[in-house]
Each structure stands twice: as structure tokens, then as C-alpha cells.
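A short write-up of the structure that comes next.
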Amino acid sequence: MSENQSFWDSAFCNLWMELLYLSEITSVQLNRSVTELSGASTADARPDLLLWISSRLCVKFEEKRATLEEAFQDLTKKLGVLPPQYYGPVQWMLGVALAGPEMAGWAVRHGQDAPDDLFGRLNMVSLRDKATCLRLSVNFLRIALTISDFYSGMNSLPRPFNVLPPASYGSLGQIARTLRIVYPKVIKEIRPWSQHVAEGFTTTALVTRAYGLGAVGLVSGDVKVRGERYSVVIHSVGYERIISRKDDLWPAMQDVLHGVHALHHAGLVHRDIRWRNVLQCPASNEGWMLIDLETVWKTDCKPSCCWLRAWDENTLVDGLYTRSSDLYLVGRLMESFRDLSPEAKEFRARLLRHGFRSAQEALHYLKNTTFCKT
């Protein structure tokens, strides 16, 4: 670790941890963005520091070996593209650039082309600037605590730079899946891939075809398999949203059916349709997409994989997983909703009794369906 890096750790990470410990504050967290490396061309590059209030990003650091200008460009590029869902009620985030002994900071506002300069350019060679840096470090914590009241009663916000805990699955629990979020992309990895394939979840050819469809209502991405490592770079970061209003259910169902139709048109079935695999698209704040395509298979086949979580005794048709099985799972998405209109209840019932011949037929029916009671 260089002398400059040691000072930055003392001025921010170490000081924050000591202050948070002494004050017994748990709503403020700090970590490093292990989803990426700043200055990846340098051998000793480090992940960037992040300061959170609950799940809301408050301060993002960008550390470079080169110049503040390079750090500034990367900082504004990463924060400037974030849609409003990542901001919540407070429509700005703080960005801090570090390069060698120098430091600068800005307030990046949603929808603003040029960020606001916060404190000019500091150089840690100067004792005065060092003192200013320590004062700013404490103020960053104060800012995080000040805005915490705006987020205390809210649902958890999506994190734009995050690594989700690894998940294990398979017959022996030896297949591991990891998700890394680096807005505007998501990187998913599965290892060992050969076991995922051997247990009948999908094949490389099928999942590559599914991610390449680029259809409305369906996630898209670039698949790579190297040895036992499967990875897909997903082009759009979606986020979970609990649907509480019946008016929001209709567009979600429409987009899901569009995604299902695209898969069926390509001769594929999804096989794991549940709300956990339906995300809202931040760019539009209205569109929805079906994700997790690592279970796609050819239609009308007897499953060789384990019983998936969304299935029940009515999912298969004569022992086969068919297009109708996918539509049945779409119907199960509606099971928890009450007080639907008679038309919406009939739509759900037809899905659950395998009453539609295709997703296209279900979409046509949906266009003439009102979901709320009038």
C-alpha cells in the first residue's frame, strides 16, 4: 500500500469505523466496490470506497494513480447515468476523486450535465488541506445521517454498485452463482458450469440463444463460457418492486407475456417464472422484464432437472414441460391478488387451467381485460 493510500484509509475508512463504533450508529455502512477495480491498468489498483445510508448510496469515491481529471471523468460517468430510482427523495449524490495526494469532490444531481464543485482541489502535502480533508470526512457522515430521515420509511432502494451474496444450488448444493452490479450492467457467473448443464438446467447453446433474442419483456446479455466458468453480461439493471396496486399488475403481466412469447417463438420455454425473476426496468420506470434464463429448455420435453421452486403438481402437461406450463406459471403470479375484476379472474383461471394455446393468444385476451373492479 502506498503512502497516499494509507492516508486516505486513515482519513476515511478508519475514521468512519471508529466514529460509527463510538456513536453506535448502524444505519450508515461503508464498503468497497468489489464489483470493479478503479485504474484497472495498474497492478495495485483498489476497489473504490462507498458510503451508504441504509441501501442508499451517499458518497462514492474514485481512486486513480494518474490524475484527478481521469478520476473525475470516471466518477461522473458512473453516477451521471443513474436513473431516479437510485436517488429516491434526495436527488443528488456526492462524488470524491482521489489521485496521488490530491482530492476533489462534487455533488452529482440527477439529470444535471455538470456536477457542482464542493470544495475545490486539495493537496495532502499541505497541512491545512489535510485538516480540511478530515473535517470533510466527518461532514460526509453528518450528511448521510441528515438525509437518513428521508429513507427510513421507504422500501429498500436498488444498489447501483453491489455484489449479492453467492447462492448455492443443485442436487449436492455444489453449483455457485454470483451477481455483481456495476450500473448499467449486471455480471452473473455460475461455476462449475458443466454440473449446471449435467443436472439438466440448460445448455450453453440454449441459454446463449435466449439471451440473444433482445425482445420486449425479456432480459438480454452476452454469454461467455470459459472452462467451468459461465458468465453473462446483462445489458440492463432491473430492480425488484412489490406490486401493491392492481393498476400496476396489468403492464407487468403484459411485459412478462411478451417475454414468454419471444422465448416460445424461438422454440424455448423459461421454466422458472415467479416474481423473483420479474424485474422493473429503471430506464422507463414502467417496463418489466423476465430474467434468469439459465433454466431455458426446448419445449415439450420431460424435465431432467430437479423440481424447480415455482412448480407444483399442475405445472407439467402429461409429464412434459410445455409452452402451456410457462403460461400456467404466469397465472400463478396473479394468485396473491384479491379484488380483481371478473375479467381478470377469468384470465387468471384460463392460465391456471392451461386454457391458452399460446402466449400470443393470452396477450390478445389481456388487451381487453380490466384488472380492477369498477
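Placing R0 at 22 angstrom, the Cβ-Cβ distance between Leu164 and Glu228 gives a FRET efficiency of 0.60 after rounding to 0.05. Taking 0.36 nm per residue of sequence separation and removing the Cα-Cα distance, the Asn123/Ser336 pair yields an extension gain of 70.9 nm.
Here the accessible area of the chain is 53 percent carbon and sulfur, with a 1.4 angstrom probe and all protein chains present. Residues whose amide H comes within less than 5 Å of that of Cys301, counting only those at least five positions distant or on another chain, are Tyr321 (H built at 1.01 Å from N in the peptide plane).
Note on the stretch 227-296: with charges restricted to the Cβ of Lys and Arg (+1) and Asp and Glu (-1), its dipole about the Cα centre is near 120 debye.
Can you tell me the length gained on complete extension of the stretch Glu346 to Ser220, counting 0.36 nm per residue apart and subtracting the Cα distance? Present the calculation step by step, with values, prior to reporting the outcome.
On the way: separation 126, 0.36 × 126 = 45.36 nm, distance 3.19 nm.
Length gained, Glu346 through Ser220: 42.2 nm.
Measuring with a 1.4 angstrom probe and ignoring ligands and nucleic acids, Glu343 comes out at about 90 Å² accessible. Accessible surface for the stretch 132-227, divided over its residues, is 50 Å² per residue with a 1.4 Å probe.
A 32 angstrom limit on the alpha carbon distance is what I want to check against. Which of Lys302/Lys345; Lys77/Lys298; Lys78/Lys246; Lys298/Lys367 exceed it? Result: Lys77/Lys298; Lys78/Lys246 exceed 32 Å. Note on Val317 and Ser10: with the Förster distance fixed at 56 Å, the Cβ-Cβ geometry gives a FRET efficiency of about 0.30. Only one residue of Ala344, Gly259, Leu363 has its Cα farthest out toward the positive end of the dipole of the stretch 246-374, where Lys and Arg carry +1 and Asp and Glu -1 on Cβ, and that residue is Ala344.
Across the stretch 266-274, rounded Karplus estimates of 3J(HN,Hα) from the backbone phi angles (6.51 cos²θ - 1.76 cosθ + 1.60, θ = phi - 60°) give 8, x, 10, 10, 7, 6, 9, 7, 8 Hz, Gly and Pro being marked x.
When the scattering of the stretch 43-106 is computed by the Debye formula from its Cα atoms alone, each counted once and equally, what is log10 I(q)/I(0) at q = 0.12 Å⁻¹? Log-scaled intensity ratios, in q order: -0.30. Per residue, the convex hull spanned by the alpha carbons of the stretch 232-304 comes to 106 Å³.
Inverting the pair-averaged 1/r between distinct Cα atoms of the stretch 70-110 gives 10.8 Å as its Kirkwood hydrodynamic radius.
Full extension of the chain between Arg309 and Ala114 yields a length gain of 65.5 nm, computed as 0.36 nm times the residue separation minus the alpha carbon distance.
Kirkwood radius, the stretch 105-253, all distinct C-alpha pairs, inverse of mean reciprocal distance: 19.9 Å. Once all protein chains are placed together, Arg226 keeps about 150 Å² accessible to a 1.4 angstrom probe.
For the chain, complete DSSP H runs whose alpha carbons reach 20 Å or more along their own long axis and whose mean Kyte-Doolittle score is 0.0 or higher are 127-151. Heavy-atom accessible surface of Trp297, to the nearest 10 Å², is about 50 Å², with a 1.4 Å probe and all protein chains retained. Short-range pairs are left out: with C-alpha atoms under 8 Å and at least six residues apart, the relative contact order of the chain is 10 percent.
Rounded, prolate or oblate: pick one for the stretch 210-360, where a ≥ b ≥ c are the square roots of the eigenvalues of its C-alpha gyration tensor, a/c under 1.5 means rounded, and failing that, prolate if a/b is larger than b/c, else oblate. Oblate, because a/c is 1.5 or more while a/b does not exceed b/c. Restricting to DSSP H runs of at least four residues, report the calculated mean residue ellipticity at 222 nm for the chain, -39500 (n - 2.57) per run over all residues, nearest 500 deg cm²/dmol. Mean residue ellipticity, 222 nm, calculated: -9500 deg cm²/dmol.
Normalising the average separation of contacting C-alpha pairs (under 8 angstrom, six or more residues apart) by the number of residues puts the relative contact order of the stretch 66-164 at 24 percent. With the cut-off at under 12 Å, measuring from each backbone N in the stretch 98-122 to a point 7 Å along the Cα-to-Cβ line of Thr146 picks out no residue.
Treating only the Cβ of Lys, Arg, Asp and Glu as charged (+1, +1, -1, -1), what charge dipole size does the stretch 134-201 show about its Cα centre? Round to the nearest 20 debye.
Numbers: 8 positive and 3 negative charges, 53 e Å.
Around 260 debye, computed over the stretch 134-201.
Model label sites at Leu134 and Glu70, defined 7 Å from Cα along the beta-carbon direction, differ in position by 3.0 nm.
For the stretch 216-312, averaging the sequence separation of C-alpha pairs within contact (under 8 Å, six or more residues apart) and dividing by the residue count gives a relative contact order of 31 percent. Summarising the amide proton neighbourhood of Val163: residues at separation of 5 or more, or on other chains, whose placed amide H is nearer than 5 Å comprise Ile181.
Each Lys and Arg contributes +1 and each Asp and Glu -1, all at the Cβ; summed about the Cα centre of the chain, the dipole is approximately 660 debye. Applying 1/(1 + (r/R0)^6) with R0 = 51 Å to the Cβ-Cβ distance of Asn368 and Thr203 gives a FRET efficiency near 0.85.
The values are calculated or read from the model by the stated rules, or taken from the named source; none is laboratory data. Note that the coordinates shown come from a computational prediction; the quantities given were computed from them, not determined experimentally. Every residue, glycine among them, receives a Cβ derived from its backbone with ideal geometry; neighbour counts consider all protein chains shown. The accessibility values were calculated without ligands, DNA or RNA, using every heavy atom of the protein model including side chains. Shrake-Rupley method; radii C 1.70, N 1.55, O 1.52, S 1.80 Å.
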